[in-house]
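The values are calculated or read from the model by the stated rules, or taken from the named source; none is laboratory data. All figures in this text were calculated on a predicted structure; none of them were measured in a lab. Here the Cβ positions follow ideal geometry from the backbone for every residue, glycine too, while neighbour counts run over all protein chains shown. Calculation scope for accessible area: heavy atoms of the full protein, side chains included, ligands and nucleic acids excluded. Shrake-Rupley method; radii C 1.70, N 1.55, O 1.52, S 1.80 Å.
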Amino acid sequence: MTPVFDGHNDILYRILQVPEKREEIWLTGEGKGHLDLPRMQAGGFAGGFFAIYVPSPVSHDFAEVMTQMDNPPYALPLPDLIDFEGGLPVAFAAAGHLLWMERAAKGAFRLCHTSGEIRAAMAEGVIAGLMHMEGAEAIDEDLDALHSFHAMGLRSLGPVWSRPTIFGHGVPFCFPSSPDTGPGLTEAGKRLVKECNALKVLVDLSHLNEKGFDDVARLSDAPLVATHSNAHAICPSSRNLTDRQLKMIRESRGMVGVNYAVNFLNEDGLKAADRGWVPTLRHLDYLLERLGEDHVGLGSDFDGADVAEVLGDVAGLQGLIGAMREHGYGEELIAKIAHENWLGVLERTFGA
């Protein structure tokens, strides 16, 4: 099997919802979701970014609002900001579950802190986990919590998950829409970027609006990375990246991980999951053309998105590898997309 290193997943959110079932979710599989340890091993999942995510309080009409994404065009209102006092306990619990996952896997899963540790784990056949934070609600304005989470293993952080934080503004879920949807980083956000640079924490641009993206590009001395985003030229969702943004990512020697969410892949923005591998391959082709073959990878959004039926879940990853092969990609390019490019950008971000 071709090993796959993945830019984003939300299994911690699944565990947070029913923590009493975490052993079943992680170790044996409960027949739900996209990820568990046995299916990762079956699908050649060699490692990836494990996201700490603080969910918004669910209002009575939230589900009804989300169904609008089934019928584009749509423009969903953003949830309210979650303050530090509300976000910290949830994020701390999620980090605790990730550390537990390592203990419970008894050597089959390892939380890594450097690209060298990831390479070593992959060489041993151990799944490598990287602690990521999707939305910085659990980081205080003084950034003390950033240092605390870094000590726990945090190596990647997105300042926002679409809703605003004290650091910046995300893109609302809109189709069709530009990602230019609001103001840039706050003063606290600019300090966050500089402190992440100092700590060698990757700053994730997925979910950040265009002005915030530009602020990170201006302030950061690290490669620009969007862990789970697609090409706006193909699917004009607010969540996808414009050609101008792709050019900036390439110039920084950065990275884009292709998101498997069908509504961010399909040209018409529909949640249609029955279109085979064509939408994914179309985005891969476009991103390779714009970024070059050293700057494109995979960023599944497993357990946080609706994915193609032909993929199904993490056990279907080798089907995607086979589709790339049939599409004409050579083995060297496939290896770059599957894992080598992620390892390269992590080395350029926080060293070997």
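Equivalent-ellipsoid semi-axes for the range 1-154 (Cα gyration tensor, √(5λ), whole Å, largest first): 28, 21, 15.
Other residues lying with their Cβ under 12 Å from the Cβ of residue 39 contribute a combined charge of -3, Lys and Arg counting +1, Asp and Glu -1. Using C-alpha pairs below 8 Å separated by at least 6 residues, the relative contact order for the range 114-250 is 21 percent. Using a simple spin-label model with pseudo-atoms 7 Å out from Cα toward Cβ, residue 211 and residue 100 lie 4.1 nm apart.
What GluC sites (Glu not before Pro) does the range 116-164 have in DSSP loop regions with at most 12 other beta carbons within 10 Å? The qualifying sites are 124.
Tell me which lysines have Cα within less than 26 Å of residue 200's Cα, excluding those fewer than 8 residues away on the same chain? Hits, sequence-local ones excluded: 190, 211, 247, 336.
Computed per residue of the chain from DSSP H runs no shorter than four, each worth -39500 (n - 2.57), the mean residue ellipticity at 222 nm is -11000 deg cm²/dmol. With the convex hull of its Cα atoms as the shape, the chain has an orientation-averaged projected area of 15.3 nm². Just so you know, the Cα atoms of the range 151-294 work out to an Rg and Dmax of 14.8, 45 Å. Normalised by 2.2 N^0.38 Å, where N is the number of residues, the alpha-carbon radius of gyration of the range 246-301 equals 1.16. Expressed as a whole percent, the accessible area of the chain that falls on carbon and sulfur atoms is 53 (1.4 Å probe). I need the fraction of alpha carbon pairs in the range 136-229 separated by more than 16 Å, rounded to a whole percent. Of the Cα pairs, 49 percent sit more than 16 Å apart.
Size check on the range 1-59: the Cα extents along the three principal axes, sorted descending, read 43, 23, 14 Å. Here the relative contact order of the range 171-261, from alpha carbon pairs under 8 Å that lie six or more residues apart, stands at 33 percent. Here the relative contact order of the chain, from alpha carbon pairs under 8 Å that lie six or more residues apart, stands at 20 percent.
Straight-line cross-link reach from residue 21 at under 22 Å between alpha-carbon atoms covers these lysines, not counting any fewer than eight positions away in the same chain: 32, 106.
Once the 1.4 Å probe is applied to the protein heavy atoms, the chain comes out at 37 Å² accessible per residue.
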